[in-house]
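Right, one structure below, let's go through it.
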Amino acid sequence: MTNILITGASGGFGKEFTHYFDKDNNHLFLQGTSLSKLEELKSNIKSSVTLLPCDFSDENSLNDFLEEIRDISFDVVINNSGLGYHGYFVDMEENLVSNMIDINMKALTLISHVVLKKMKEKQSGYLLNVGSVASYFPGPLMAQYYATKAYVLSLSSALYEESKDYNVVVSCLCPGPTKTEFHQRAQIDSNSLLGKLFISDPAKIVKVGIKDLSKKRRVSHPGIRNKFSIISSKLLPHSLYIKIMKQVQMKR
């Protein structure tokens, strides 16, 4: 039996990861904020499942979650849970500013810390942290989201190098904009310029991410447009690229 933990499992990439790993010999541990959505997901998969409803923005709930998984030996962990918001940073409600830190950075970091301890003990395991193409440059009008994803990439890259010493693989999946429930929660219009850049099949992103994880790659960059964005951000003057990103975001 292979134990697999997937956070943010009830929607977007998390749901796609869940379906990807839905095999008879897998035991899936699925985290999400909505128990009803998790139960609906469970009813449509054949694997053995443990539901772990948890709101990572609540400190007590997060601590309970960490205690619940602390003694479980996971073979694969998908750190996917994330929160985004489109708009001027100063216009965000303070609870959203705080929640994005708690979910995108704090929870991901603490989960990584807990699961890597067990993986180090058994000298095996795979951890995939979900970052973004946004990890590579600042993003006006989604400033904090881009900053949190830069943190995810930096942390994952360092852990990749550390974990090689005990035969554990850490990788960071950095997809470009993808049409999932995320873009609706982030208030991005699918008919806008940014929305039209979305690729339509998150299942393909998940397959590439898992393939690259199995190949022990530090970072996974699915899609040609994704790679082009990263390359162009390095070739253009930083000040110009930030202005371009702002214009793109304003035409959402």
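Key figures for this structure:
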item: Tally of residues being under 17 Å from F29 (Cβ atoms), crowded, with 18+ Cβ neighbours inside 10 Å and of a type in the set (A, V, I, L, M, F, W, C) across region 52-98; result: 10
item: Failed item, numbered, when F137 is tested on (1) modelled with pLDDT under 95; (2) in contact with a Ser or Thr (Cβ under 6 Å, 6 or more places away or on another chain); (3) crowded, with 21+ Cβ neighbours inside 10 Å; result: (3)
item: Single condition L141 does not satisfy, out of (1) in contact (Cβ under 8 Å) with a residue 40 or more places away in the chain; (2) of a type outside the set (S, T, Y); (3) touching a Gly at 6+ places or on another chain (Cβ under 9 Å); (4) within 22 Å of G223 (Cα to Cα); result: (4)
item: Which listed residue is buried (at least 17 other Cβ atoms within 10 Å of the Cβ), closer than 27 Å to P175 by Cβ and touching a residue at least 60 places away in the same chain (Cβ under 8 Å), from L38, L5, L30; result: L5
item: Which numbered condition L155 misses (of (1) closer than 22 Å to G12 by Cα; (2) touching a strand residue (DSSP E or B) at 6+ places or on another chain (Cβ under 8 Å); (3) not in a loop (DSSP other than H, G, I, E, B)); result: (1)
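The values are calculated or read from the model by the stated rules, or taken from the named source; none is laboratory data. In this text the structure is predicted, and so the values were computed from the model without any measurement. Cβ atoms come from the backbone with ideal geometry, glycine included; neighbour counts cover every protein chain shown.
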